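The block underneath contains the structure these notes are about, expressed in structure tokens.
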Ligand code: C2E
Ligand code: CA
Ligand code: CA
């Protein structure tokens with residue numbers, strides 16, 4: 001049960017009637033710290049007082065001056081780390097689109113309610129509220145400069161975390177995905193969404209990929225020596241695929257580390273596969289010829305055509321987490337999931353469901369016949385040193401429950 005006085009609620013809606021109604025419902029539910037605003041500008045002023053600024057916002061979408069989506073953009077600029085709950089008269093599709101947009105900005109969205117909201121619906125969603133994340137000390141969102149990042153790469157401040165991937169039918173741990181973090185000396189753990197695009201924009205992405213890949217290869221070698229058979233996946237940026245030398249560069253690093261290419265997978269995100277493909281296609285094809293495995297990441301977020309997919313030599317397709325988590329309970333997501341899975345099978349690729357967050361997601365992807373699962377339900381990304389113990393406890397748990 002959440003601590004009701006710890007939740008500092010802001011209700012933002014242009015209709016004063018709604019403000020009164022929601023204010024009364026919240027009071028009846030026992031929430032004492034509630035403020036209301038009828039326009040975005042007034043609401044944003046509340047964030048200038050960091051000590052008691054809101055950590056839960058009930059947001060209307062359709063407002064005359066600053067609409068709800070614009071307001072979300074301002075929240076992102078202010079590094080808002082609280083939660084959001086949409087309360088609007090818009091239809092289901094629109095509400096889901098708005099939720100998705102806010103999540104894309106890494107804002108925690110508790111859900112949405114259609115007006116007029118019921119007290120029960122409100123209570124249920126607010127019940128999901130959690131104090132802004134303290135478990136993994138995530139650094140405050142901040143924009144890093146190119147020089148700072150360049151120095152961090154050179155000083156070895158980037159560390160790899162590894163998230164397990166398991167076969168959905170047998171539970172066998174088949175591999176890990178490498179996810180880079182920046183162990184910042186002052187700011188703590190900084191996540192890739194705060195520096196990958198900086199690296200891409202300032203010509204540092206090849207340096208970054210070299211650091212990640214070098215560490216991942218060294219780690220793969222250690223696991224191999226310890227008798228752990230794992231496919232180690234590394235994320236590439238499309239910007240890595242700009243120069244034909246990149247294939248030789250990867251081949252060279254693997255050879256130097258003494259790691260077989262067929263135990264490494266390279267992930268490329270789908271949303272960028274529509275760009276001019278001549279050089280990337282050549283590089284990817286050469287890497288495939290050298291036996292590296294190729295994986296399409298975030299499938300469903302771009303709009304690659306059937307022809308493009310057919311022409312690219314991929315081994316694996318990762319269905320984006322936005323079509324996995326909660327798909328069991330949502331017809332539209334389920335349709336996207338099923339068609340991605342069908343496509344994967346027709347093209348003879350392995351399917352991976354990303355974002356398997358809970359038991360219901362896990363049961364769903366197994367029942368649908370997806371090959372591989374990845375997500376918080378299986379395990380969160382972890383330092384390499386934690387992996388062997390995790391594998392042991394996972395296998396014990398899996399054996400006990402099957
Ligand atoms: P991605 O490749 O799609 O990686 C999956 C992201 O989803 C990771 O976020 C992971 O921690 C998170 N995740 C895993 N399971 C779940 C789940 O069940 N639920 C939810 N909600 N999230 C889950 P992370 O580590 O913050 O990485 C974000 C993105 O940064 C990655 O997305 C990838 O595109 C990029 N990235 C990470 N490492 C590298 C890298 O070394 N090079 C490049 N170019 N990009 C990287
Ligand atoms: Ca990935
Ligand atoms: Ca992904």
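The values are calculated or read from the model by the stated rules, or taken from the named source; none is laboratory data. Just so you know, these numbers come straight off a predicted model, no measurement behind them. Methodologically, a virtual Cβ is constructed for each residue, glycine included, from the backbone with ideal geometry; neighbour enumeration extends over all protein chains shown.
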**Request:** Among the residues of region 345-369, count how many are buried (at least 19 other Cβ atoms within 10 Å of the Cβ) and within 14 Å of ligand 1 (Cβ to nearest atom).
**Result:** 9
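Name the residue that is farthest from ligand 3 (Cβ to nearest atom), counting only residues in region 303-314 that are assigned to a loop (DSSP other than H, G, I, E, B) and crowded, with 16+ Cβ neighbours inside 10 Å. Don't jump to the end; show me each part of the working.
To start, the set of residues in region 303-314 that are assigned to a loop (DSSP other than H, G, I, E, B) comprises 303-305, 312-314.
When the remaining residues are screened for being crowded, with 16+ Cβ neighbours inside 10 Å, the result is 304, 312, 314.
Values: 304: 15, 312: 17, 314: 14 Å.
By that ranking, first place goes to 312.
With the structure loaded, tell me whether residue 326 is within 22 Å of residue 170 (Cα to Cα) and away from ligand 2 (no atom under 16 Å from the Cβ) or whether it fails that test.
Values: within 22 Å of residue 170 (Cα to Cα): no; away from ligand 2 (no atom under 16 Å from the Cβ): yes.
Spelling it out, it is not the case that residue 326 is within 22 Å of residue 170 (Cα to Cα) and away from ligand 2 (no atom under 16 Å from the Cβ).
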**Message:** Being in contact with a helix residue (DSSP H, G or I) (Cβ under 8 Å, 6 or more places away or on another chain) and more than 19 Å from residue 331 (Cα to Cα) is the filter here; which residues of region 104-119 pass it?
**Reply:** 105, 106, 107, 109, 110, 115, 116, 117, 119
**Within region 315-345, considering residues that are within 15 Å of ligand 3 (Cβ to nearest atom) and in a loop (DSSP other than H, G, I, E, B), the one nearest to the chain's Cα centre (by Cα)** = 320
**Item:** region 346-385 - residue that is in contact with a helix residue (DSSP H, G or I) (Cβ under 9 Å, 6 or more places away or on another chain) and part of a helix (DSSP H, G or I) and, of those, nearest to residue 189 (Cα to Cα)
**Value:** 384
**Asked** So residue 193 fits all but one of (1) assigned to a helix (DSSP H, G or I); (2) within 16 Å of ligand 2 (Cβ to nearest atom); (3) buried (at least 16 other Cβ atoms within 10 Å of the Cβ); (4) in contact (Cβ under 8 Å) with a residue 40 or more places away in the chain; what number is the exception?
**Response** (3)
**Request:** Could you tell me whether any residue of region 323-335 is more than 15 Å from ligand 1 (Cβ to nearest atom), under 17 Å from residue 360 (Cβ atoms), out of contact with any helix residue (DSSP H, G or I) (no Cβ under 8 Å at 6 or more places or on another chain) and in the same structural domain as residue 231 (by TED's automatic domain parsing)?
**Result:** yes
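Against the condition within 16 Å of ligand 1 (Cβ to nearest atom), in contact with a strand residue (DSSP E or B) (Cβ under 9 Å, 6 or more places away or on another chain) and modelled with pLDDT under 95, how does residue 239 come out, does it pass?
Criteria not met by residue 239.
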**Asked** residue 64: surrounded by fewer than 15 Cβ atoms within 10 Å (Cβ to Cβ) and modelled with pLDDT of 85 or more, yes or no?
**Response** yes
